[in-house]
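This report concerns only the one structure given below.
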Amino acid sequence: MVGQKLWLCLMDGRGWVTEKSSRRHVSEVNDEGSRSKGQKLIVDPRLDKKVKLAPAPLTFGSIAGAPELLAGMVVTVLRQVQVLAASPTDKKKEMWARYYKVEDERKIEGWLGELRMHCGFKGSDQGQPVLCEFKAGGFHNPNQQGRPCWVSVQSKSSVSLLQGPSRFRSAGKNLICGDFVEAVEEVVASGQTFYRLVDGHWVAREDSSGKVACDLLVRESHKWIYVCNDKDGAQIRETPTRSNAKNRGKRLKYRQRVNISEKVTTSANEVFLKLADEKKGWVPATKLGSSVVKMAPLQPLEQSTRPPMAPGGGQPCHCGGVNGYANGYGYGAAPQPQQSY
């Protein structure tokens with residue numbers, strides 16, 4: 001200690017440095033041990049800017065040519081420390097700040113601040129974390145695990161295809177209402193859900209307002225004979241949707257019987273049936289906006305088949321008569337075998 005200044009001798013032989021003057025020059029580093037070592041975290045998908053990897057914790061200013069991370073990238077924690085840093089709201093005060101040494105999927109290592117304020121971000125959300133925990137690997141709903149899952153676009157507006165699990169990583173391509181695409185994985189982070197498609201692109205389940213834009217549906221084998229129970233008939237569409245953009249220009253007639261090979265049920269409990277005969281296409285099981293039956297089951301094509309569930313769930317429907325009644329970034333899932341339909 002010389003006067004009111006603490007001088008430190010550097011072990012690499014470069015000389016002496018003062019701990020701080022009007023601002024801090026060096027800080028004690030408190031290693032937090034192996035508590036988080038090996039943990040996988042994801043760059044918050046809500047970040048709309050790239051995050052630079054620093055060569056050390058608490059670097060001053062931007063580092064030219066520093067490697068960058070994008071929202072939705074997964075990193076592995078190698079080390080976790082705390083250092084003294086100036087408060088971003090009051091430069092006269094100091095605070096302990098946590099930093100992570102991480103490695104990304106490119107095997108590039110570097111340091112990240114725990115909070116956005118320590119990674120150069122400004123604004124009302126600078127106290128939010130840069131990295132967060134996530135769920136990945138297959139599909140999380142027990143009813144969807146190990147089963148062929150497809151994404152059905154519900155939004156009337158186009159849905160952006162993404163390069164990774166973040167709405168800020170557009171691939172410059174879109175899906176439209178009624179598109180039906182195979183999915184292989186689900187990732188959930190920061191309250192947002194993303195689906196990885198079989199071609200490697202991603203889509204967000206919700207749009208920016210929180211409404212469901214892409215619904216995840218299970219394709220179930222369903223070999224039954226149905227009859228059209230609607231005097232207006234039933235519009236045949238290319239995919240399981242109500243969107244007229246997918247109309248095939250054909251309708252089932254009242255009392256017409258058809259063979260069904262599959263069904264899907266949306267998150268709103270709306271059922272769609274896939275025609276197995278030469279007509280090919282999908283029809284809704286109920287009338288629009290109601291539980292009134294449009295397609296009534298008659299008998300199974302396979303005797304071991306259970307009676308279909310009534311629209312909206314509940315008990316099996318014993319209706320009988322006409323008027324009755326699945327690479328990205330290695331988030332945890334290997335691509336599932338594509339199904340033939």
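Key figures for this structure:
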read-out	value
Answer residue from the range 131-148, given it is under 12 Å from the mean Cα position of the chain (by Cα) and assigned to a strand (DSSP E or B) and is surrounded by the most Cβ atoms within 10 Å (Cβ to Cβ) among those	PHE134
Criterion: in contact with a Leu (Cβ under 7 Å, 6 or more places away or on another chain), farther than 25 Å from SER158 by Cβ and surrounded by fewer than 17 Cβ atoms within 10 Å (Cβ to Cβ) - qualifying residue of ILE225, ILE260	ILE225
Filtered residues of the range 149-166 (kept if outside any strand (DSSP E or B) and buried (at least 21 other Cβ atoms within 10 Å of the Cβ))	GLN154, GLY164, PRO165, SER166
Elements of type strands (runs of 3 or more DSSP E) contained in the range 185-265, each with 3 or more residues being hydrophobic (A, V, I, L, M, F, W, C) and touching a Cys at 6+ places or on another chain (Cβ under 8 Å)	214-218
Residues (open to solvent by 100 Å² or more (accessible area, probe 1.4 Å), more than 26 Å from LEU131 (Cα to Cα) and modelled with pLDDT of 80 or more) located in the range 1-41	TRP7, MET11, ARG14, TRP16
Output for the range 232-246, where each listed residue is more than 14 Å from ALA285 (Cα to Cα) and open to solvent by 50 Å² or more (accessible area, probe 1.4 Å)	GLU238, ASN244, ALA245
Those residues of the range 74-95 which are open to solvent by 10 Å² or more (accessible area, probe 1.4 Å) and closer than 15 Å to LYS20 by Cβ, in sequence order	LEU84, ALA86, SER87, LYS91, LYS92, LYS93, GLU94, MET95
Lone unmet requirement of (1) surrounded by 17 or more Cβ atoms within 10 Å (Cβ to Cβ); (2) at pLDDT below 95 for GLY249	(1)
For PRO165: the one exception among (1) closer than 30 Å to ARG257 by Cα; (2) within 13 Å of the chain's Cα centre (by Cα); (3) not aliphatic (A, V, I, L, M)	(1)
The range 271-286 - residue that is at pLDDT below 95 and not small (Gly, Ala, Ser) and, of those, least open to solvent (accessible area, probe 1.4 Å)	ASP277
Given (1) touching an Asp or Glu at 6+ places or on another chain (Cβ under 8 Å); (2) under 27 Å from LYS37 (Cα atoms); (3) modelled with pLDDT of 95 or more; (4) surrounded by fewer than 19 Cβ atoms within 10 Å (Cβ to Cβ), index of the condition GLN192 fails	(4)
Residue list for the range 83-122, filter: modelled with pLDDT of 85 or more and in a loop (DSSP other than H, G, I, E, B)	GLU105, ARG106, LYS107, ILE108, GLU114
Enumeration of residues in the range 103-130 that are surrounded by 21 or more Cβ atoms within 10 Å (Cβ to Cβ) and either farther than 18 Å from VAL83 by Cβ or in contact with an Asp or Glu (Cβ under 7 Å, 6 or more places away or on another chain) (or both)	ARG116, VAL130
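The values are calculated or read from the model by the stated rules, or taken from the named source; none is laboratory data. Everything quoted here is computed from the prediction, not taken from an experiment. Cβ: placed from backbone, ideal geometry, glycine included. Neighbour counts: every protein chain shown. Surface accessibility is based on the protein's heavy atoms, side chains included, excluding ligands, DNA and RNA. Shrake-Rupley method; radii C 1.70, N 1.55, O 1.52, S 1.80 Å.
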